[in-house]
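Novice: This is the structure, below, for whatever I ask next.
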Amino acid sequence: MVLSVVLLALIGAGIVGIYAYSTLFKAVETAADRDFTVNAGESYISVVMRLENRGLVPSALALQLYGRVTGSDTAVQKGSYIIPENLSPVEVMEYLSSGHQSLIRVTIPEGRTLGQVARILDGSGIVGEEDFLRVSRDTEFVRSLGIAGDTAEGYIYPETYYFAEDFPAEKVVAHMVDTFFAALGDIFPDYASLSARELHETVILASIVEREYMADHEAPLIASVFNNRLERGMRLESCATVVYVMTEIEGLDHPTRLFFSDLNRPSEFNTYVNRGLPPAPISGVGAIALNAAFYPADSDYLFFVLQSPQASEHVFSESYEDHLSASEVYYFKLN
């Protein structure tokens with residue numbers, strides 16, 4: 001019945017009406033970015049115009065006419081949505097009017113620990129901090145997701161996610177881990193050929209690289225330094241592992257600088273006092289760090305230090321003597 005009324009109205013509107021009708025019920029297949037937010041108090045006209053600008057519908061004018069004829073131009077509900085593919089413009093508006101598919105958008109940055117992710121999700125209203133940590137540290141559950149470690153640390157992929165409010169913790173963790181493995185498949189398609197231990201150790205290395213690099217192009221060089229030190233039986237001496245001990249294990253605030261006394265903190269994660277990799281990842285890892293861990297640069301470097309306290313690039317050295325010289329410059333600029 002509504003379709004007949006719309007058809008008659010469009011025919012009566014002439015050429016514009018015929019064009020509008022031809023666009024209302026045909027699926028739209030062009031838009032790649034399908035997340036869309038209806039703001040509180042936003043008008044129907046504003047919504048359809050933004051949909052057209054985003055390429056999610058072909059004609060705001062047709063939807064305005066449709067809304068007036070059907071009385072649906074007040075039905076859209078505020079919220080964040082992921083609009084499914086292959087919907088017609090009419091179906092898009094029905095979707096934005098349903099209210100049942102509204103989602104919360106949350107972004108997890110690179111290098112965040114489980115505790116930090118838990119606080120982000122809790123603050124967004126998606127899942128409680130304690131529930132997220134309980135599930136992500138449930139060894140039996142995380143191993144069912146294909147993780148060789150005891151927790152999901154290192155496997156919570158940094159990405160923008162969309163979840164319903166008060167979403168089950170198990171589904172949140174599973175989706176984030178699935179996203180990690182999907183990204184890993186793009187970076188290293190043959191990862192399934194690795195043993196569980198080999199994969200886990202590479203993720204551990206990637207997590208250290210994640211917390212150490214600042215300039216993207218240096219990540220493979222930093223990975224090469226750690227690999228070279230491992231091959232020679234040297235301690236990794238990663239400051240990032242010391243910070244992890246202080247913040248995640250000892251519960252201290254993030255330090256503004258490390259002192260020599262900090263480097264001796266007793267922990268199996270402290271790579272200044274223990275040889276080899278720490279027993280588990282120290283943070284989530286993004287594509288740059290993952291790529292660096294799987295494809296490290298070919299170098300003979302064994303050391304690196306920031307060029308200055310304000311710099312984002314490092315000085316890389318093959319010998320301890322050269323490293324001492326670079327470190328002296330850094331500490332001179334620091335003090």
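The values are calculated or read from the model by the stated rules, or taken from the named source; none is laboratory data. Given the structure is predicted, the values throughout are model-derived calculations rather than measurements. A quick note on method: Cβ atoms are made from the backbone with ideal geometry, for glycine too, and the neighbour counts reach across all protein chains shown. Just the protein is used for accessible areas: all its heavy atoms, side chains included, with ligands, DNA and RNA removed. Shrake-Rupley method; radii C 1.70, N 1.55, O 1.52, S 1.80 Å.
Novice: Do we find that Leu63 is at pLDDT 90 or above and not acidic (Asp, Glu) in this structure?
Specialist: no
Novice: Look through the range 140-154, keep the residues that are among the small types (Gly, Ala, Ser) and in contact with a Lys or Arg (Cβ under 9 Å, 6 or more places away or on another chain), and return whichever of them is farthest from Ser193 (Cα to Cα).
Specialist: The initial filter retains those residues of the range 140-154 that are among the small types (Gly, Ala, Ser), namely 144, 146, 148-149, 152, 154.
Pick out the ones that are also in contact with a Lys or Arg (Cβ under 9 Å, 6 or more places away or on another chain) and you get 148-149, 152.
Details: Ala148: 14, Gly149: 18, Ala152: 21 Å.
Selected residue: Ala152.
Novice: Does the range 128-147 contain any residue that is buried (at least 16 other Cβ atoms within 10 Å of the Cβ), touching a residue at least 24 places away in the same chain (Cβ under 8 Å) and within 21 Å of Ala292 (Cβ to Cβ)?
Specialist: Yes, that holds for at least one residue.
Novice: Here's something else I'd like to know. Before we move on, is Val243 among the β-branched types (Val, Ile, Thr) and either buried (at least 20 other Cβ atoms within 10 Å of the Cβ) or closer than 21 Å to Asp298 by Cα (or both)? Show your work before the answer.
Specialist: Working: among the β-branched types (Val, Ile, Thr): yes; either buried (at least 20 other Cβ atoms within 10 Å of the Cβ) or closer than 21 Å to Asp298 by Cα (or both): no.
For Val243, the condition - among the β-branched types (Val, Ile, Thr) and either buried (at least 20 other Cβ atoms within 10 Å of the Cβ) or closer than 21 Å to Asp298 by Cα (or both) - is not met.
Novice: A further question follows. Considering Glu52, Glu85, Glu91, which residue is in contact with a Pro (Cβ under 8 Å, 6 or more places away or on another chain), open to solvent by 70 Å² or more (accessible area, probe 1.4 Å) and either modelled with pLDDT of 75 or more or of a type in the set (Lys, Arg) (or both)? Give the derivation first.
Specialist: Numbers: Glu85 fails: in contact with a Pro (Cβ under 8 Å, 6 or more places away or on another chain); Glu91 fails: in contact with a Pro (Cβ under 8 Å, 6 or more places away or on another chain).
Exactly one of Glu52, Glu85, Glu91 is in contact with a Pro (Cβ under 8 Å, 6 or more places away or on another chain), open to solvent by 70 Å² or more (accessible area, probe 1.4 Å) and either modelled with pLDDT of 75 or more or of a type in the set (Lys, Arg) (or both), namely Glu52.
Novice: Something else: Does Ser102 satisfy being buried (at least 18 other Cβ atoms within 10 Å of the Cβ), at pLDDT below 80 and closer than 27 Å to Tyr161 by Cβ? Even if it seems obvious, please write down each step before you answer.
Specialist: Working: buried (at least 18 other Cβ atoms within 10 Å of the Cβ): yes; at pLDDT below 80: yes; closer than 27 Å to Tyr161 by Cβ: yes.
Against the criterion (buried (at least 18 other Cβ atoms within 10 Å of the Cβ), at pLDDT below 80 and closer than 27 Å to Tyr161 by Cβ), Ser102 qualifies.
Novice: What's the total number of residues in the range 267-308 that are at pLDDT 95 or above, open to solvent by 40 Å² or more (accessible area, probe 1.4 Å) and either part of a loop (DSSP other than H, G, I, E, B) or of a type in the set (A, V, I, L, M) (or both)?
Specialist: Qualifying residue count for the region: 14.
Novice: So in the range 241-266, with the set limited to residues that are in a loop (DSSP other than H, G, I, E, B) and charged (D, E, K, R), which one is modelled with the lowest pLDDT?
Specialist: First, pick out the residues of the range 241-266 that are in a loop (DSSP other than H, G, I, E, B): 250-259, 265-266.
Right, trim to charged (D, E, K, R) and you get 250, 253, 257, 265.
Working: Glu250: 94, Asp253: 93, Arg257: 86, Arg265: 95.
The qualifying residue modelled with the lowest pLDDT is Arg257.
Novice: Could I ask something else about it? Identify the residue in the range 139-164 that is touching a helix residue (DSSP H, G or I) at 6+ places or on another chain (Cβ under 9 Å), over 16 Å from His200 (Cβ atoms) and assigned to a loop (DSSP other than H, G, I, E, B) and, among all such residues, is modelled with the highest pLDDT.
Specialist: The qualifying residue modelled with the highest pLDDT is Pro158.
Novice: Considering each of Ser224, Ser261, Ser207, Ser238 in turn, give the residue that is free of Cβ contacts under 8 Å to residues at least 40 places away in the same chain and open to solvent by less than 10 Å² (accessible area, probe 1.4 Å). Show your work before the answer.
Specialist: On the way: Ser224 fails: free of Cβ contacts under 8 Å to residues at least 40 places away in the same chain; Ser261 fails: open to solvent by less than 10 Å² (accessible area, probe 1.4 Å); Ser207 fails: free of Cβ contacts under 8 Å to residues at least 40 places away in the same chain.
One residue alone meets the criteria, Ser238.
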